Structure formats: C-alpha cells, structure tokens
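Okay, handing you the structure first.
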Amino acid sequence: EPDVTIVSGLKDAVVSEGDDVTFRCQVSHENARDVEWKLQDVALQNNEMNEISVEKGKIHTLTLRKVTEQDIGIVTFRVGPHTSTA
C-alpha cells in the first residue's frame, strides 16, 4: 500500500460564535486509511456537530457546526505518520 502524504494542509480560520467553519486537507492517494481529526487533542467523530467527509476521494473535510468559545483551539488532521494543524 502506498504511503499517503498530505499534499495541501489545513489553513487557519477565524469565525464568529454560532457560525460553521470548514477545514480541508488534501492527501496524495484516494481511500486513505488511518485518518483522524482532532480538536484540542480530542478525537472527533462524525455527528450533528462535526461533519467529517471526503470529497473526490482525496480531500478530507471537517465542518464544525455552530461553533462556541469552547471550540477555540488547534485542529489537527492526521493520516498515518503525517499531520497538519490550524
């Protein structure tokens, strides 16, 4: 299995309380396994507040819905040994 790397990393975002924010990270190969999103070192699951998806096979997205002050922090995307933060 080829080593999946990060082609295009996360970008910092500033949003107002109550708004949604989306983070995108592009990887080198489709169907990447061992992918994880974190907010402040807490692993995120796909649910009504965190929408985790993959576009076009290589672009992994995380949308945080209706952010609050508690959502301030570092977002991390990890694939295998590679990470990107914003």
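With r as the distance between the Cβ atoms of Thr85 and Arg65 and R0 = 30 Å, compute the FRET efficiency 1/(1 + (r/R0)^6) and round to 0.05.
Working: r = 21 Å, r/R0 = 0.69.
Calculated value: 0.90.
Quick one: Karplus J couplings for region 24-39, per residue in order, coefficients 6.51, -1.76, 1.60, θ = phi - 60°, nearest Hz, x for Gly and Pro?
For region 24-39, the Karplus-derived couplings read 10, 9, 9, 10, 7, 9, 6, 6, 5, 9, 6, 10, 8, 10, 9, 10 Hz, x marking Gly and Pro.
Place a point 7 Å from Cα of Ser16 in the direction of its Cβ. Which residues in region 60-76 have their backbone N less than 16 Å from it?
From region 60-76, the list is 66-69.
Each reported figure results from applying straightforward, stated rules to the coordinates on display, with no laboratory input. Keep in mind it's a predicted model, so treat the numbers as computed, not measured. Because the Cβ atoms are built from the backbone with ideal geometry, glycine has one as well, and the counts that use them run over all protein chains shown.
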